[in-house]
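Contents: one structure, followed by commentary.
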Amino acid sequence: MSLPDYRKLVIIGDIGAGKTQLIQTLSEISPVTTEANSSIDIGKDLTTVGIDYGRISLNEETALGLYGVPGQERFSFLWDMVSESVWGLMVLVKSTEPPRLDYLDRLLSHFIDAKEKTPCMVALTHSETVEHSELKNLSAQIDLVLHERDVSAPTLPIDCRSEQSAMLLLHTFNAMNIHRTSAT
Amino acid sequence: MNENPSSLRLSQVIQHRIESMFSQWTDMQFVYLSTTDGFHIFGLHQGAENAEPDKVAAIASSLFALSNTASKNILNDELQVSIVETMSGNIIFLRTHLNRADTVLTVAANKDMSLAKVRYHALRLSELIESND
Ligand SMILES: Nc1nc2c(ncn2[C@@H]2O[C@H](COP(=O)(O)OP(=O)(O)O)[C@@H](O)[C@H]2O)c(=O)[nH]1
Ligand SMILES: [Mg+2]
């Protein structure tokens, strides 16, 4: 029996977007979390300061390592640490807040290897309560940023707390990139 | 949103006492105090120009959280100290409290100060910081 193909999915996005939650929902091992009490008001008590790590098998041949890193720019040294051999990038955008498009652009420029064309997906989180028309509008604004960076990535709504919603997203992503082999 | 937490301050008295201790330790490169979520609170350095306080604060919070995850998962206990050793010097990351908030004290010294000594000094500084209340 051969070991499954192991791939690295990086999950990034602004504070409170749902990175830690998504990894908790998806991971089949008890996830590694590194949260600290927030000393400033960010709308929640804990904030990730290290790395969130989880793992999920997509099928018998493929396992995904889920790597969540803090979105705040002061932690960009951690972005560097995980940006080697990325199989896919999932950017979480909280759909209940005005989008920070400059920030999205910076994330893309950091994680997307222009030559390798790292597969990317944008997930609109906290979307359950947001009107369909608003999601469409948000998605159009994001598409413009993606287009400027020459990144083709689908934008899909998700509820990070729901296993069904999260799995659907992951399988869509995998189906899109089924022909790509792991870089590691 | 990137404002530093304003409520966490060392009193002038404690600051002066740390400064006078630090000035006697010529082999110590810096002493920085930061929040566990990576904000700089207070610091002193001599030389160590590349150890920019905001950068050290962010790195200290990540390293401390990762080491704490290791100690909790492997030893079933909270982390107290994390140590980084190199050929040219040592760094100690020590859990401490300022006004009851969890903070990290980062102390770096060159190789002429023994690890035991760095640790000892760090503990003394930590006691001082915890008396700030
Ligand atoms: N309603 C809703 N809540 C979510 C969603 N994703 C995350 N949350 C919640 O939002 C809060 C912040 O999520 P967290 O994963 O800590 O955000 P992070 O800063 O990106 O790691 C947590 O209480 C989550 O349970 C979502 O899609 N919908
Ligand atoms: Mg988090």
The alpha-carbon pair-distance distribution computed for the protein assembly as shown, with 10 angstrom bins and whole-percent values, is 6, 24, 29, 21, 14, 6, 0
As a test, work out the antiparallel percent of DSSP beta bridges whose residues both lie in chain A, rounded to the nearest 5.
30
Using the 10 angstrom Cβ neighbour count as an exposure proxy, how do B:91, B:14 rank, fewest first?
B:14, B:91
Under a point-charge model restricted to the Cβ atoms of Lys and Arg (+1) and Asp and Glu (-1), what is the dipole moment magnitude of chain B relative to its Cα centre, in debye to the nearest 20?
220
Connecting every pair of Cα atoms under 10 Å apart in chain A and solving the GNM, the largest mean-square fluctuation among A:158, A:23, A:42 falls on A:42
Magnitude of the Cβ-charge dipole (Lys and Arg +1, Asp and Glu -1) of chain A about the Cα centre, nearest 20 debye, reported as 220
Tally of Lys pairs whose C-alpha atoms are under 24 Å apart, taken over the protein assembly as shown, 8 or more apart or cross-chain
15
Ignoring GluC sites (Glu not before Pro) that are buried or in helix or strand per DSSP, and keeping those with at most 16 other beta carbon atoms within 10 Å, what is the longest stretch of chain B between them?
B:79-133
May I ask you to derive the FRET efficiency for residue B:101 and residue A:129 from their Cβ-Cβ distance with R0 = 30 Å, giving the value to the nearest 0.05?
0.35
Over the Cα atoms of the stretch A:34-163, compute the convex hull volume and normalise it per residue, giving Å³.
132
Would you be so kind as to identify which of A:12, B:71, A:68 lies farthest towards the positive end of the dipole of the protein assembly as shown, taking Lys and Arg as +1 and Asp and Glu as -1 on Cβ and the Cα centre as origin?
B:71
Using all alpha carbons of chain B, what is the percent of pairwise distances in each 5 Å bin, ordered from the shortest bin to the longest?
2, 11, 21, 24, 22, 13, 5, 2, 0
Largest fluctuation, A:80, A:113, A:52 only, Gaussian network model of chain A with Cα springs under 10 angstrom, belongs to A:80
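Using 1/(1 + (r/R0)^6) with R0 = 51 angstrom and r between the beta carbons of residue A:150 and residue B:115, what's the FRET efficiency to the nearest 0.05? Before the final figure, lay out the partial values.
On the way: r = 51 Å, r/R0 = 1.00.
Once the sixth-power term is evaluated, E becomes 0.50.
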Highest-first arrangement of A:120-130, B:92-102, where packing means the average Cβ count within 10 Å:
A:120-130, B:92-102
Taking H as built 1.01 Å from N, whose amide H comes closer than 5 Å to the amide H of residue A:7, not counting residues under 5 places away?
A:63, A:64, A:65
Out of all DSSP beta bridges in the protein assembly as shown, what portion is antiparallel? Express it as a percent rounded to 5.
65
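Averaged across A:42-55, how many Cβ atoms of other chains sit within 10 Å of each residue's Cβ atom? Show your work: numbers first, answer last.
Numbers: counts 2, 1, 0, 0, 1, 4, 3, 12, 9, 4, 0, 1, 0, 0.
Per residue, the average neighbour count from other chains is 3.
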Return a whole-number percent for the relative contact order of chain A, with Cα pairs under 8 Å and 6 or more residues apart as the contact set.
24
Could you let me know the centre-to-centre spacing of the stretch B:49-120 and the stretch A:1-46, using Cα atoms, in angstrom?
24
Low-density loop trypsin sites (Lys or Arg not before Pro), the stretch A:76-172, at most 10 other Cβ within 10 Å, DSSP non-H/G/I/E/B, are A:115
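Roughly how crowded by other chains is peptide B:61-74, in terms of the mean Cβ count from those chains within 10 Å of each of its Cβ atoms? Spell out each step's value before the answer.
Details: counts 8, 13, 3, 4, 8, 6, 2, 3, 7, 2, 0, 0, 2, 0.
Across the residues of B:61-74, the mean count of other-chain Cβ atoms within 10 Å is 4.
None of the figures in this text is laboratory data; all of them are computed from the coordinates on show. Quantities reported herein were computed from a predicted structural model and do not represent experimental measurements. Reconstructed Cβ throughout: ideal geometry from the backbone, glycine too, with neighbour counts over all protein chains shown.
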